Structure formats: C-alpha cells, structure tokens
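The values are calculated or read from the model by the stated rules, or taken from the named source; none is laboratory data. Everything numeric here is computed off the predicted structure, so don't read it as measured data. Neighbour counts are summed over all protein chains in view; Cβ atoms, including those assigned to glycine, are modelled from backbone coordinates with ideal geometry.
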Amino acid sequence: MANSFPEITWLTDSGAWPSFSTDGSQIVYVDGGSLFTIPASGGTPQLLYTPPQGQQATRPDWSWSPSIAFALGSGNEQTIWLVDSDGSNPRLFPNQQGLTASIYPSWYQDLQSIVVMESMDQKFARLYQVFATGSNPPVLLTPSSGFCAGRPSVNPAGTAVAFAGKVGPFDQLNNQIWIVRPPSTDPVQLNLDQGRSPNWSPDGNWILFESNRGTGEHGNYQMWIALAPFPNAVATAPRPVTPPDIFASHGEWSRQQNLIAFDNAGHGHGIGIIALPSPFQMTTDPAR
C-alpha cells in the first residue's frame, strides 16, 4: 500500500487554493485573481467574485462557514474580506486593527474568529486571532521576534493551530509544520522534516500538509498526512497520499473527511481531488 496512491480527478486546468463548502458539494478557488466555484463532483466553473481593479482575491477559506473568507489587496497590502456563497455582499472582516498585510484566513469552527498570517514584517510573519464580533483587538499567537510563521489551520476544538514556520527569517524551502496552543505563543514542531501549508482534519485526528521530503529539496511536493499530536498518541510515520510525479500543494480536507482537494498550479493542471484512503476518513473519536 505504501506505493499505491488514490486516483486523482482533475476538476480544472488552472487555479489554486481550493477550499470546500461546509456540505462538501462545492469548492471555491482562485484563478486570475478572482474567486470561482466548481462542484466537487466536476462540472463547469462559475465566477463567484471579481475584485476591484488593481486588486486580487487570494487564499479563500470556506470550510465551516456559510461565508467565504479571503485575502484582498495588492502587493503586501492585504486585508481579510468575506463574501456570501452566491458572490454577494462582499465586506471587510471586522476588528483587523492595525493589520494591513494579512493572508491565509482560517476559520474557528464556532465562527467567532479566524486566524490570519500577518506579514507587515515580510521576514518574520506572525499569526493573529481576529474576532468577528465586538471590539477585541487581534491576539498574537506566535513568537513576537526571531520566528517566521506561514499558513495556519485551526483544529476543530479551537484549542490549537497548525502552521508552516521556521526559526529565523522567511525561507519557505526550509519550513516545518508547527503546533501552537493558545494562550501559549511557544510553538512545537510536528516533526523535524520539511513541510508547508497544513490543514487539520475535521475529526481532529490528522494533519494534511505538503512536503518535498520524499523527492528532495528541488523535487515535487506531495500531499502528506500525519497523526495530530495529542496525549498518548501512537507515533506513526507521515504518509504521502499523492504521487511524486505531480506537484501537489495547498491541500484541504472536505468537512465530511472523505475527500482532499489540492492544486497543481503552474504545473499543467489546476484543482485536483482524491478520495481518502479509509484509515484517514472520519471517526467517531472526539476532535482533539
């Protein structure tokens, strides 16, 4: 089974950053700086949202919410916005006090807040929790100096955040997957090997991420799955679930935990989808 991979269905010929709707029937993604949707079962892409001239919409997160969070802006000036699932009512996510270079929103399951990557200091990006209601200021989640954080993913229980990061300045070729458990801002590594762009499974048991650990520093990225850390977990080696002959990145679980979507942007395809091997599908074990 180690050398057997699920069959890939390519939904599009271009596009990046896929994210499932809550019911798993649709995928939102970015193509040419606009947001599109496509049925997870395949079909014709539909334009969802076109940003104002000179700006780009990137890195959407639909996941638990009926609204889609995404980054909007140009260059290093970006803020988090929301749009309804029919493309209507675009609006600024509230309470982003002083955050002007935010990308990669990740919803908390209770929909009361999101985590964002803020890169005002492009060498030492940080993660913040931003609240959907009230006037609470953003809360810093990662070290305030000497550490660079990347794409975050909140666990279903809302007690931990997985993210790409490294000690020292930005260098995405040498990121690892880290876990931080607020209110602590001291993250710990999932493991020592290279990894980026994590996404926590809906049952809380697994973390999906991209890595070239199986193909070399300049090789293709594959989608890997590792056991999420929790007390008394049995250590198992992370397992690749996409083959090494394609470049797979920006993966996300469906909320039903039966599918994974990812992109192949710039390498001949757009959005791909696979059915999950049975060991990684939803369990009744409580989210960790």
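Annotations
- Candidates Asn205, Asn212, Asn175 - the one that is of a type outside the set (A, V, I, L, M) and touching a His at 6+ places or on another chain (Cβ under 9 Å): Asn212
- If the condition is being in a strand (DSSP E or B) and among the polar types (S, T, N, Q), then region 77-86 contributes Gln78, Thr79.
- On the stretch given as region 259-285, residues that are outside any loop (DSSP other than H, G, I, E, B) and either surrounded by 14 or more Cβ atoms within 10 Å (Cβ to Cβ) or modelled with pLDDT of 90 or more (or both) total 11.
- Residue among Pro229, Pro238 that alone is within 21 Å of Leu192 (Cα to Cα), in contact with a Phe, Trp or Tyr (Cβ under 9 Å, 6 or more places away or on another chain) and at pLDDT below 95: Pro238
- Within region 229-280, considering residues that are within 15 Å of the chain's Cα centre (by Cα) and charged (D, E, K, R), the one farthest from Phe36 (Cα to Cα): Arg255
- Test: residue in region 91-98 that is of a type in the set (Lys, Arg), at pLDDT 95 or above and more than 19 Å from Phe163 (Cβ to Cβ): yes
- Scope region 69-95; condition loosely packed, with under 15 Cβ neighbours inside 10 Å and among the small types (Gly, Ala, Ser); matching residues: Ser74, Gly75, Ser88
- Some residue of region 38-46 being out of contact with any Leu (no Cβ under 7 Å at 6 or more places or on another chain), closer than 25 Å to Pro152 by Cβ and either surrounded by 19 or more Cβ atoms within 10 Å (Cβ to Cβ) or in contact (Cβ under 8 Å) with a residue 24 or more places away in the chain (or both): no
- Checking the stated criteria, Asp110 turns out to be within 24 Å of Arg255 (Cα to Cα), loosely packed, with under 15 Cβ neighbours inside 10 Å and of a type outside the set (S, T, N, Q).
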